[in-house]
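First comes the structure, then the notes that go with it.
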Amino acid sequence: MSPLATTDLTPAFLRGLPKAELHLHIEGSLEPELMFELAQRNKVTLPFATVEAVRAAYAFSNLQDFLDIYYQGAQVLLTEQDFHDLALAYFRRLHADGGVYAEIFFDPQTHTDRGVSFATVIEGLRAGMATAEREFNIRSKLILCFLRHLSEAAALETLEAAKPWVDRLAGVGLDSSEQGFPPSKFTQAFAEAGRLGLKRVAHAGEEGPPAYVVEALDLLHVDRIDHGNRALEDEALTARLVRSEMTLTVCPLSNLKLCGVPNLAVHPLKRMLELGLKATVNSDDPAYFGGYLLENYQAVVDALGLTRAEVLTLARNSFTGAFLTPQEKATYLEAIEAYSIANPCLTPL
Ligand code: HPA
Ligand code: ZN
């Protein structure tokens, strides 16, 4: 890598580049400060004394370590106002990072299993999304995730509860503990989501084997793969993902924090781009993994020496892989081209 190759990829350039975020768990954007504020507001007792103690607990060696704390943190979310405040705090950060569009995951079962109604969760989030559109001109859509450590019957019940809001959902997803909970477990729930006209995505190949990515494609008929890192272990699968132009929502700092990679210099993102995979950069659970969208871009630029062309490809992929109309995508892609022309590379390569 030439050190000059990335010279113009300054934080300012990366911030100004129009970007979409396609892999963000809204519950994973709960910063410790807001966690304490909501705990106080709702008289919920936290197992931590201070914000610093919460942050100190964010040392994970795998996905399950993280999920245990993530589900615990979500317990402070009780009212529509809480969900509004959570979403708005995320969009404020996204705006600061130059994000202009987001498709955000939410985990209704994490809340309905504690007695918080589906209506409270979705109306609160939608209120936050509406405020963000007004204040920041950020557009967004919701993706309802099923928790894969729970049963398919529970997923189908969740989908039933979502029916009054189905036209306000972009799609369904599959998250939580991956190993031992293959996509095949949710074939019926995803078929029903398809019948309802919803898009489908699934976490696959984050910790789980390439076979889980194949199942997500063949049995869940997904429109995107969330993560997909381990797909690279299977050459035929990789070729299939390239051929079908399947978008992968990659989360570099998440992979680092959950020990999917020992350091970012060996992260597969650059290889994905070189292979022609439609990779995107996303933050996953930014309050827990040490960075929002821009920090993820900056981290991979620094660690992998991404070129300006590669960074532009990542930004383009974030819109071409989004659940938008061709016209909407074209408008965002034109904005990227205009930005690139207005900010030419000044460093001779
Ligand atoms: N992986 C799987 N499930 C999740 C995650 C994640 O990073 N965050 C929230 N649910
Ligand atoms: Zn995720």
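Give me the dipole magnitude in Debye, nearest 20, for segment 11-342 about the Cα centre, with unit charges on the beta carbon: positive for Lys and Arg, negative for Asp and Glu.
Rounded to the nearest 20 debye, it is 600 debye.
Quick check on the chain: helices-only [θ] at 222 nm, where DSSP H runs of length 4 and up contribute -39,500 (n - 2.57) each and the sum goes over total residues. Nearest 500, please.
Calculated mean residue ellipticity at 222 nm is -14500 deg cm²/dmol.
About the Cα centre of segment 160-300, how large is the charge dipole given +1 on each Lys and Arg Cβ and -1 on each Asp and Glu Cβ? Please answer in debye to the nearest 20.
I would put it at about 280 debye.
Could you do me a favour and compute the accessible area per residue for the chain, 1.4 Å probe, result in Å²?
Spelled out: the 1.4 Å probe surface of the chain, per residue, equals 39 Å².
Ranked highest first by the average count of other Cβ atoms within 10 Å around their residues, in what order do 132-140, 282-290 fall?
Highest-to-lowest ranking by the protection proxy: 282-290, 132-140.
Read phi for every residue in segment 144-157 and hand back ³J(HN,Hα) as whole Hz from Karplus 6.51 cos²θ - 1.76 cosθ + 1.60, θ = phi - 60°, with x for Gly and Pro.
Karplus-based 3J(HN,Hα) across segment 144-157 equals 7, 9, 8, 7, 6, 7, 9, 6, 5, 4, 5, 5, 5, 5 Hz.
Towards the positive end of the charge dipole of the chain, with charges on Cβ (+1 Lys, Arg; -1 Asp, Glu), say which of SER140, THR313, TYR292 has the farthest Cα.
Checking the options against the dipole of the chain, the answer is THR313.
So what's the net charge close to LEU256: Lys and Arg +1, Asp and Glu -1, counting the other residues with Cβ under 13 Å from its Cβ?
Around LEU256, the surrounding residues sum to -4.
Of the cross-linked pairs LYS163/LYS278; LYS185/LYS270; LYS43/LYS163; LYS163/LYS257; LYS141/LYS270, which ones have a Cα-Cα span greater than 30 Å in the structure shown?
Violating the 30 Å limit, Cα to Cα: LYS163/LYS278; LYS185/LYS270; LYS43/LYS163; LYS163/LYS257.
Dipole of the chain (Lys/Arg Cβ +1, Asp/Glu Cβ -1, origin at the Cα centre): which of ALA20, ASN343, PHE323 lies farthest to the positive side?
ASN343
Show me 79-85, 31-37 ranked by packing, highest mean number of other Cβ atoms within 10 Å first.
So the order, starting with the most tightly packed, is 79-85, 31-37.
Work out the charge dipole of the chain with +1 on the Cβ of Lys and Arg and -1 on the Cβ of Asp and Glu about the Cα centre, then indicate which of PRO262, ALA74, ALA162 is farthest towards its positive end.
Farthest along the dipole direction, towards plus: ALA162.
Give me D for segment 192-349 in µm² s⁻¹, whole number, from Stokes-Einstein with Rh from the Kirkwood sum over alpha-carbon pairs, 20 °C and 1.002 mPa s.
It diffuses with D of about 130 µm²/s by this estimate.
On alpha carbon coordinates alone, what is the Rg over Rh value for the chain, Rh being the Kirkwood radius?
Here the Rg-to-Rh quotient is 0.95.
Under 10 Å from the Cβ of PHE289, count the other residues' Cβ atoms, weight Lys and Arg +1, Asp and Glu -1, and hand me the total.
-2
Would you please state which residues of segment 12-54 a label at ASN343 would reach in this model, taking the label point 7 Å out along Cα→Cβ and a backbone N cut-off of under 15 Å?
Once the point is set 7 Å along Cα→Cβ of ASN343, 12-20 turn out to lie under 15 Å by backbone N, inside segment 12-54.
The values are calculated or read from the model by the stated rules, or taken from the named source; none is laboratory data. All values derive from a computational prediction rather than experimental measurement. Positions of Cβ are backbone-derived with ideal geometry, glycine not excepted, and every protein chain shown enters the neighbour counts. Areas reflect the complete protein model, heavy atoms only, side chains present, ligands, DNA and RNA absent. Shrake-Rupley method; radii C 1.70, N 1.55, O 1.52, S 1.80 Å.
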